[in-house]
Amino acid sequence: MALMLILAVAALLPAGVARAEMADAGESGEERVDEEGRAPERMPLRRGGEVPPWERVDAPSGEELRAAGWTFIDEDARPGTAVAGLTAGTAGLVVHGLGHWMIGDPDTALLLFLGQGVSIAVFATGIAMRRIAPRSTGLAGASDALAVGAGGLFAATWAGDVVGSFRGTGSPAAFPAFTPDGASLELAFSRLFAQGMHVRDHGVIAVPLRWSRLRIHPELHADTRFDYRRAQLAIGWRIPLDRLSSLELRALGDDEWQRASSAGRTRLGGESVMRLDAGTVVSHLTGLVWELRVGVMADALALESVQGGRRMTADLLRITVPSETALELAVNPVVHLSAGYRHRDDLLVGTWGDQLGVFWGRLGIVPRNRIGAEVLLEQGAFFRAQLGLRWVFAEAAAAP
């Protein structure tokens with residue numbers, strides 16, 4: 001009996017719904033018709049006969065819907081997971097894009113994997129050129145620059161996979177925290193951790209001037225007794241590539257001297273600095289910036305010795321192609337991290353091995369109320385740590 005009662009109720013339900021729709025159409029139970037005898041199109045019904053706003057003929061705009069409390073979700077958004085992020089950071093080092101594939105974003109995964117393949121091919125080309133090029137030719141420097149750039153691209157595609165896998169594809173990362181335009185004063189204390197080195201501590205003072213396009217950066221390094229000094233000046237012109245990325249062309253020179261080793265060097269030349277925000281290619285990776293610097297410098301090395309009370313100086317001039325690559329990530333609008341590799345030697349830090357340069361990392365605090373700070377760590381033959389403060393004393397509008 002119970003089963004028969006259930007079947008009877010189920011059979012009556014469609015008829016009840018039909019009668020309700022007919023009653024809604026007209027009191028007589030018959031559908032209304034227009035002058036030509038056609039029944040009007042009926043709006044799809046929802047709870048209680050309510051028609052969703054976006055299905056009405058006079059549908060409101062997106063702003064009106066948001067004001068009424070409606071929310072919009074990107075259908076292509078994929079939430080990030082800790083498992084995908086950890087996988088991208090470990091196994092993804094071998095196969096870039098693995099983390100994005102795990103969160104359901106195969107398009108970005110394929111793009112990162114292709115970027116990895118390009119970086120490996122360019123790196124192999126640079127290494128092959130380095131082996132066949134004489135050390136004294138410019139081809140050797142160009143091959144090193146290719147290898148450094150390829151290494152930076154490899155790191156960028158891997159880091160993009162890690163960041164995107166943790167954060168997901170629904171919302172972009174924080175925008176990169178650039179130093180504001182204007183004039184600022186930077187003071188830093190640097191310590192070299194090396195036994196037996198005559199110069200271990202020195203100070204740094206810089207007064208960078210930044211306008212919309214023009215960049216001027218004078219900087220001085222020296223210890224209290226001037227046993228070590230380094231003065232440098234860079235003048236650059238910034239060319240925006242899009243809203244996030246840019247190319248800067250610089251003319252620069254520096255003079256460095258260390259009294260204890262009776263050695264110094266003077267460099268003059270130019271370099272190009274490309275800053276490419278990953279958001280230019282993949283929107284949800286906005287805030288991850290890859291920087292590549294390549295220059296051509298005339299490098300004069302000065303050596304002094306004393307023989308029989310007579311000072312003799314021999315100047316060695318060579319053409320070098322210094323290069324540097326770095327990654328920067330804005331953790332939030334205040335804190336940003338960066339790390340990189342500089343392919344040239346340093347009189348204090350030295351180099352990591354005979355064929356490598358200096359690895360470095362930086363933690364920066366964006367100026368708030370015109371005061372910022374940063375910690376810089378460098379590792380070559382020796383380790384150096386630097387703590388600095390930045391005071392923005394003139395905003396761009398007030399700068400001359």
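For this structure, a couple of remarks:
- Restricting the first member to segment 69-91 and to residues that are surrounded by 12 or more Cβ atoms within 10 Å (Cβ to Cβ) and assigned to a loop (DSSP other than H, G, I, E, B), and the second to residues that are modelled with pLDDT of 65 or more and basic (Lys, Arg), the beta-carbon pairs closer than 7 Å and six or more apart or on different chains are Gly80/Arg167.
- Whichever residue in segment 262-304 is closer than 17 Å to Asp242 by Cα and of a type in the set (D, E, K, R) and, among such residues, is modelled with the lowest pLDDT: Asp277
- Residues satisfying the stated conditions in segment 328-372, i.e. among the charged types (D, E, K, R) and in contact with a strand residue (DSSP E or B) (Cβ under 9 Å, 6 or more places away or on another chain): Glu328, Arg342, Arg344, Asp345, Asp346, Arg362, Arg370
- Enumeration of residues in segment 219-235 that are outside any loop (DSSP other than H, G, I, E, B) and over 22 Å from Pro322 (Cα atoms): Ala222, Tyr228
- Scanning segment 236-293 for residues that are in a helix (DSSP H, G or I), surrounded by fewer than 19 Cβ atoms within 10 Å (Cβ to Cβ) and either touching a Lys or Arg at 6+ places or on another chain (Cβ under 9 Å) or not small (Gly, Ala, Ser) (or both) turns up just one, Thr280.
- Tabulated pairs, segment 373-400, first at pLDDT below 90 and surrounded by 14 or more Cβ atoms within 10 Å (Cβ to Cβ), second of a type in the set (Phe, Trp, Tyr) and not in a strand (DSSP E or B), C-beta under 6 angstrom, 6+ apart or interchain: Gly380/Trp352
- Residue match in segment 100-112 (condition: of a type in the set (Gly, Ala, Ser), over 17 Å from Ala155 (Cβ atoms) and modelled with pLDDT under 90): yes
- Residue check for Ala330: modelled with pLDDT of 80 or more, under 22 Å from Ala194 (Cβ atoms) and among the hydrophobic types (A, V, I, L, M, F, W, C): no
- Any hit, segment 379-389, residues being of a type in the set (D, E, K, R) and farther than 29 Å from Ala140 by Cβ: no
- Condition check for Val331 on (1) at negative phi; (2) surrounded by 15 or more Cβ atoms within 10 Å (Cβ to Cβ): one failure, at (2).
- Any hit, segment 188-210, residues being part of a loop (DSSP other than H, G, I, E, B), at pLDDT 85 or above and surrounded by fewer than 16 Cβ atoms within 10 Å (Cβ to Cβ): yes
- Any chance Val163 is within 28 Å of Gln355 (Cβ to Cβ), among the aliphatic types (A, V, I, L, M) and crowded, with 18+ Cβ neighbours inside 10 Å: no
- Any hit, segment 204-222, residues being over 28 Å from the mean Cα position of the chain (by Cα), among the charged types (D, E, K, R) and in the same structural domain as Leu247 (by TED's automatic domain parsing): no
The values are calculated or read from the model by the stated rules, or taken from the named source; none is laboratory data. Source: prediction; values computed, not measured. So basically every Cβ, Gly included, is an ideal-geometry build from the backbone, and we count neighbours across all protein chains shown.
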